[in-house]
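Peer 1: Sharing a structure with you now.
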Amino acid sequence: MMDSSSPRSAYVHLPFCHRRCFYCDFPVVPLGDRADGATSRSVAQYLGWLGEEIGSSPPGPPLSTIYLGGGTPSLLNATQVAWLLTLLNTRFGLAPGAEITMELDPEDVCAERLRGYHRAGVNRISLGAQSFDNGLLAAIGRRHNRRQIETAVALLNAEGLCRWSLDLISGLPGLTPALWEATLDQALSLSPPHVSLYDLAIGEGTVFDRWLTQGRLSLPSEATTAAMLDRAAQRLGAAGLRRYEISSYARPGHACRHNRVYWGGGHWWGFGMGATSSVAGRRLTRPRTRGGYQAWLHGLRCGVQPPAGPRERLEDLLITGLRRSEGVNRQRLAQQCPVPLAALMTLSPRLERDRAQGLLYCEGPCLRLSQPRGFRLSNQVLADCLLWVDELFAPGGAAHDTSLAAPA
């Protein structure tokens, strides 16, 4: 039975790539620089598994957003992508005007391939540029160069794929303020309708993690990285790209609708190795290896978490919602969790300190991070939010105080 919580979005994980980048800790399956997804038996087998999982999913309403992520989805050819989108359409249907995003690496982009993806239904592209400096790109394990980024963008525009995003990474080893300024110059010269700007995170088990332990990795200081992020926010904003989420900037009408589902506390289907879904208040994360995913798919499919209680739901909504420029509305939080509104209207001393320091704005029932400083120091504020939730749900805490509940 469908209800308002039935997912209208789907994430599909396509884990295959040519090689693992030095910073990558995603669940991926490297196939080698000469790999071709159209002829790979590993890819064909995995697509069969996806077909089993999607085909055995319970019915739901038509999908408003689909996101094909990886890995490198552009290892697949247009026929494979069309098959996958047809499978989703057959199982769930597509809502009119559905947003269908696909991640592409610049070196995989050619006119014929783009035309095929577009005809298959893809109408939004996330282009993994990361940097425009050829030396930096090589130093982080990327296969493409600056010219390939520029060519990919020209081909996107020629194909009429006007909804696209440029991914950039700050805090890279060897990145200086001068190089960062040049990166912003080159990015803005392409007039991107959307930019996703991520700060480098060193994941456990990555090449960078090993090099850092060995003392072989030289990273910009936190102060330098913070200044570069602030400079990016300033320049992107001046170019008409509004910051609508901590890592996301968009021109009017170009915000990523799919990611807004995550940040807005919505529900979504997740399919494939390592993918997480949120259905009927339950989270499920699939195994991160091919063998583990196959065993899970053909076994008991365990790993479903119990429905989130009020405390877990509140934590999740705060952590995701405060990433957005509009923040969270405590009246809505009280309804979604549920928690007495009066309990949410009184902040903890730590959050009051964040407010006094200009990191957090309180505007009636709304809480939001300031820009750019609150966004930059979001980890501090979010940690204080989690401590606040601990206090609310501690024995005798305000979340349990029935006298604070609104009268019926």
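The values are calculated or read from the model by the stated rules, or taken from the named source; none is laboratory data. As the structure is a prediction and not an experimental result, all values here were calculated from the model. When we count neighbours, we look across all protein chains shown, and the Cβ atoms used for this are built from the backbone with ideal geometry, even at glycine.
Peer 1: Restricting to segment 271-309, and then to whatever is modelled with pLDDT of 90 or more and of a type in the set (D, E, K, R), can you tell me which residue is nearest to Val12 (Cα to Cα)?
Peer 2: Arg286
Peer 1: Right, here's the next one. Looking only at segment 204-217, which residues are among the acidic types (Asp, Glu) and buried (at least 17 other Cβ atoms within 10 Å of the Cβ)? Steps first, answer last, please.
Peer 2: Residues of segment 204-217 that are among the acidic types (Asp, Glu), as a first pass: 204, 209.
Selection gives nothing.
Peer 1: Quickly run through segment 187-245 and pick out the residues that are part of a loop (DSSP other than H, G, I, E, B) and of a type in the set (Ser, Thr, Tyr). Can you show your working first?
Peer 2: Of the residues in segment 187-245, the ones part of a loop (DSSP other than H, G, I, E, B) are 190-193, 200-206, 214-221, 239-241.
Of everything in segment 187-245, those that are part of a loop (DSSP other than H, G, I, E, B) and of a type in the set (Ser, Thr, Tyr) turn out to be Ser191, Thr206, Ser218, Ser221.
Peer 1: Looking at the structure I just gave you, is Ala10 under 19 Å from the mean Cα position of the chain (by Cα) and not in a helix (DSSP H, G or I)?
Peer 2: Details: under 19 Å from the mean Cα position of the chain (by Cα): yes; not in a helix (DSSP H, G or I): yes.
The answer is yes for Ala10.
Peer 1: Related question: Scan segment 239-261 residue by residue and report those that are under 18 Å from His13 (Cβ atoms), of a type outside the set (Val, Ile, Thr) and in contact with a Ser or Thr (Cβ under 6 Å, 6 or more places away or on another chain).
Peer 2: First pass over segment 239-261, keeping only residues under 18 Å from His13 (Cβ atoms): 256, 258-259, 261.
Of the ones still in play, those that are also of a type outside the set (Val, Ile, Thr) are 256, 258-259.
If the condition is that a residue be under 18 Å from His13 (Cβ atoms), of a type outside the set (Val, Ile, Thr) and in contact with a Ser or Thr (Cβ under 6 Å, 6 or more places away or on another chain), then His258 is the only one that fits.
Peer 1: Taking the options Thr101, Thr176, name whichever one is touching a Cys at 6+ places or on another chain (Cβ under 9 Å) and either of a type outside the set (Val, Ile, Thr) or modelled with pLDDT of 95 or more (or both). Give the steps one after another, and end with the answer.
Peer 2: Working: Thr176 fails: touching a Cys at 6+ places or on another chain (Cβ under 9 Å).
None of the other options fit; the residue is Thr101.
Peer 1: Scan segment 191-203 and give yes if some residue there is in contact with a Gly (Cβ under 7 Å, 6 or more places away or on another chain) and under 21 Å from Leu377 (Cβ atoms), otherwise no.
Peer 2: The initial filter retains those residues of segment 191-203 that are in contact with a Gly (Cβ under 7 Å, 6 or more places away or on another chain), namely 199-200.
Subsequent filtering for residues that are under 21 Å from Leu377 (Cβ atoms) retains 199-200.
Yes, segment 191-203 has at least one match.
Peer 1: Considering Leu341, Leu387, Leu392, Leu359, which residue is closer than 26 Å to Ser248 by Cβ and not β-branched (Val, Ile, Thr)? Reasoning before the result, please.
Peer 2: Details: Leu341 fails: closer than 26 Å to Ser248 by Cβ; Leu387 fails: closer than 26 Å to Ser248 by Cβ; Leu392 fails: closer than 26 Å to Ser248 by Cβ.
Among Leu341, Leu387, Leu392, Leu359, only Leu359 is closer than 26 Å to Ser248 by Cβ and not β-branched (Val, Ile, Thr).
Peer 1: Please identify the pairs in which a residue from segment 36-53 that is over 12 Å from Leu14 (Cα atoms) and not assigned by TED's automatic domain parsing to the domain that holds Arg113 has its Cβ atom under 6 Å from the Cβ atom of a residue that is crowded, with 20+ Cβ neighbours inside 10 Å and not basic (Lys, Arg), counting only partners at least 6 apart or on another chain.
Peer 2: The qualifying pairs do not exist here.
Peer 1: Would you call Ser348 under 27 Å from the mean Cα position of the chain (by Cα) and of a type in the set (Gly, Ala, Ser)?
Peer 2: Details: under 27 Å from the mean Cα position of the chain (by Cα): no; of a type in the set (Gly, Ala, Ser): yes.
For Ser348, the condition - under 27 Å from the mean Cα position of the chain (by Cα) and of a type in the set (Gly, Ala, Ser) - is not met.
Peer 1: Given the conditions (1) in a loop (DSSP other than H, G, I, E, B); (2) farther than 25 Å from Gly203 by Cβ; (3) among the small types (Gly, Ala, Ser), report the number of the one that Ala44 does not fulfil.
Peer 2: (1)
Peer 1: Looking at (1) farther than 30 Å from Leu200 by Cβ; (2) more than 23 Å from the chain's Cα centre (by Cα), which is the only condition Asn145 fails?
Peer 2: (1)
Peer 1: Filter segment 348-369 down to residues that are outside any helix (DSSP H, G or I) and buried (at least 18 other Cβ atoms within 10 Å of the Cβ), then give me how many there are.
Peer 2: Taking segment 348-369 as the starting set, the residues that turn out to be outside any helix (DSSP H, G or I) are 348, 357-369.
So of that shortlist, the ones also buried (at least 18 other Cβ atoms within 10 Å of the Cβ) come out as 359-360, 367-369.
Looking only at that region, the number is 5.
Peer 1: Check Thr65, Thr90, Thr86, Thr79 and return the single one that is touching a helix residue (DSSP H, G or I) at 6+ places or on another chain (Cβ under 7 Å) and either farther than 21 Å from His18 by Cα or at pLDDT 95 or above (or both).
Peer 2: Values: Thr90 fails: touching a helix residue (DSSP H, G or I) at 6+ places or on another chain (Cβ under 7 Å); Thr86 fails: touching a helix residue (DSSP H, G or I) at 6+ places or on another chain (Cβ under 7 Å); Thr79 fails: touching a helix residue (DSSP H, G or I) at 6+ places or on another chain (Cβ under 7 Å).
On inspection, the qualifying residue turns out to be Thr65.
Peer 1: Here's another thing I want to ask about it. Give the residue that is nearest to the chain's Cα centre (by Cα), with candidates limited to residues of segment 164-203 that are over 15 Å from Ser131 (Cα atoms) and surrounded by fewer than 21 Cβ atoms within 10 Å (Cβ to Cβ). It would help to see each step written out before you state the result.
Peer 2: First, the residues of segment 164-203 that are over 15 Å from Ser131 (Cα atoms): 164, 191, 193-194, 201-203.
Filter once more, keeping what is surrounded by fewer than 21 Cβ atoms within 10 Å (Cβ to Cβ): 191, 193, 201-203.
Values: Ser191: 22, Pro193: 17, Ala201: 14, Ile202: 17, Gly203: 16 Å.
Among them, the one singled out is Ala201.
Peer 1: Filter segment 153-166 down to the residues that are assigned to a helix (DSSP H, G or I), under 24 Å from Ser248 (Cβ atoms) and either basic (Lys, Arg) or out of contact with any strand residue (DSSP E or B) (no Cβ under 6 Å at 6 or more places or on another chain) (or both) and list them by number. Show your work before the answer.
Peer 2: The first filter runs over segment 153-166 and keeps only residues assigned to a helix (DSSP H, G or I), leaving 153-159.
When the remaining residues are screened for being under 24 Å from Ser248 (Cβ atoms), the result is 153-157, 159.
If the condition is that a residue be assigned to a helix (DSSP H, G or I), under 24 Å from Ser248 (Cβ atoms) and either basic (Lys, Arg) or out of contact with any strand residue (DSSP E or B) (no Cβ under 6 Å at 6 or more places or on another chain) (or both), then Val153, Ala154, Leu155, Asn157, Glu159 are the ones that fit.
Peer 1: Tell me whether segment 78-92 contains one or more residues that are more than 30 Å from Leu212 (Cβ to Cβ), touching a His at 6+ places or on another chain (Cβ under 8 Å) and surrounded by fewer than 16 Cβ atoms within 10 Å (Cβ to Cβ). Reasoning before the result, please.
Peer 2: Step one: list which residues in segment 78-92 are more than 30 Å from Leu212 (Cβ to Cβ), which gives 78-92.
Still in the list and also touching a His at 6+ places or on another chain (Cβ under 8 Å): none.
No, the conditions are met nowhere in segment 78-92.
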